[in-house]
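Visitor: Take this structure first; my questions come after.
The values are calculated or read from the model by the stated rules, or taken from the named source; none is laboratory data. From a predicted model like this one, the values you see are computed outputs, not experimental measurements. Cβ placement follows ideal geometry from the backbone for every residue including glycine, while neighbour counts extend to all protein chains displayed. Note: areas computed on protein heavy atoms with side chains; ligands, DNA, RNA excluded. Shrake-Rupley method; radii C 1.70, N 1.55, O 1.52, S 1.80 Å.
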Amino acid sequence: MSADLTELYQQVILDHNKRPRNRGKLPTANRVAHGDNPTCGDQCSVYLRLETVLGQPDRIAEISFDGSGCAISQASASLMTTQVKGKTAPEVQALYKSFHEIVTTGNAPEEISDLAAFAGVHAFPARIKCATLGWHAAIEALKSDPLVTPTTTETHHD
Ligand code: ZN
């Protein structure tokens, strides 16, 4: 990988850390899961709304995350939400498999773009859990039972 690409990938992490995507509670969520990484102090909740999209059941129609912790954990959760939207649970599992490969080996397949930003994590094994925290929470949320009540009864005035 050229130095320029390394720089570019680091920019992806910095950008997601500075401007997290899909951050905050999702009032319309019908699945939720929480993950934490005590070794680093990272927290991440993932909110999903699964629905039938174009005749295909159980697609992620909306997703958000909320949490706190190190830059790697929060940027990774932010990027994850942008990558899994519109996908089904098996598709998310397949993507996570690629991402896990990237963060544990540093090798990124050609077709994987932004996720390769985390390839540098493989040199810091203690940080792998930071990078995968949001993904674990998303996969747990996909497996979880549907919420009976909305995640929040608050009224938002944005
Ligand atoms: Zn961390």
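Visitor: Among (1) modelled with pLDDT of 95 or more; (2) farther than 16 Å from V121 by Cα; (3) not polar (S, T, N, Q), which single condition is D58 missing?
Guide: Unmet for D58, out of (1) modelled with pLDDT of 95 or more; (2) farther than 16 Å from V121 by Cα; (3) not polar (S, T, N, Q): (1).
Visitor: Now, a different point. Here's a check for you: in segment 60-74, which residue that is open to solvent by 30 Å² or more (accessible area, probe 1.4 Å) and in a strand (DSSP E or B) is farthest from the ligand (Cβ to nearest atom)?
Guide: If we take residues in segment 60-74 being open to solvent by 30 Å² or more (accessible area, probe 1.4 Å) and in a strand (DSSP E or B), then E62 is farthest from the ligand (Cβ to nearest atom).
Visitor: Shifting gears a bit: How many residues does segment 105-152 contain that are closer than 29 Å to A29 by Cβ and acidic (D, E)?
Guide: 3
Visitor: Further question on the same structure: Give the residues of segment 107-128 that are surrounded by fewer than 19 Cβ atoms within 10 Å (Cβ to Cβ) and either within 14 Å of the ligand (Cβ to nearest atom) or not in a helix (DSSP H, G or I) (or both), sorted by residue number.
Guide: Filtering segment 107-128 for residues surrounded by fewer than 19 Cβ atoms within 10 Å (Cβ to Cβ) gives 107, 109-114, 122-126, 128.
Once the filter is applied, which keeps residues that are surrounded by fewer than 19 Cβ atoms within 10 Å (Cβ to Cβ) and either within 14 Å of the ligand (Cβ to nearest atom) or not in a helix (DSSP H, G or I) (or both), segment 107-128 yields N107, P109, E110, E111, I112, S113, F124, P125, A126, I128.
Visitor: Look through T132, T104, T82 and report the one residue that is touching a residue at least 12 places away in the same chain (Cβ under 8 Å), touching a Pro at 6+ places or on another chain (Cβ under 9 Å), of a type outside the set (F, W, Y) and part of a helix (DSSP H, G or I).
Guide: Details: T132 fails: touching a Pro at 6+ places or on another chain (Cβ under 9 Å); T82 fails: touching a Pro at 6+ places or on another chain (Cβ under 9 Å).
Residue meeting the stated conditions: T104.
Visitor: Considering segment 97-106 alone, what residues qualify as being open to solvent by less than 30 Å² (accessible area, probe 1.4 Å) and under 22 Å from S45 (Cα atoms)?
Guide: Narrowing segment 97-106 to residues open to solvent by less than 30 Å² (accessible area, probe 1.4 Å): 99, 102-103, 106.
Selection gives F99, V103.
Visitor: List the pairs whose first member sits in segment 13-40 and is within 13 Å of S76 (Cβ to Cβ) and within 16 Å of the ligand (Cβ to nearest atom), whose second member is open to solvent by 60 Å² or more (accessible area, probe 1.4 Å) and small (G, A, S), and whose Cβ atoms are under 8 Å apart, counting only residues at least 6 apart or on separate chains?
Guide: Short answer, once both residue conditions are applied: C40/A126.
Visitor: Just checking, how many residues over segment 34-59 are among the hydroxyl-bearing types (S, T, Y) and open to solvent by 60 Å² or more (accessible area, probe 1.4 Å)?
Guide: Counting residues in segment 34-59 that are among the hydroxyl-bearing types (S, T, Y) and open to solvent by 60 Å² or more (accessible area, probe 1.4 Å) gives 2.
Visitor: Can you pull out the residues in segment 75-88 that are open to solvent by less than 40 Å² (accessible area, probe 1.4 Å) and either away from the ligand (no atom under 16 Å from the Cβ) or among the polar types (S, T, N, Q) (or both)? Talk me through it step by step, then tell me what you get.
Guide: To start, the set of residues in segment 75-88 that are open to solvent by less than 40 Å² (accessible area, probe 1.4 Å) comprises 75-81, 84, 86, 88.
Correct list: S76, S78, T81, V84, G86, T88.
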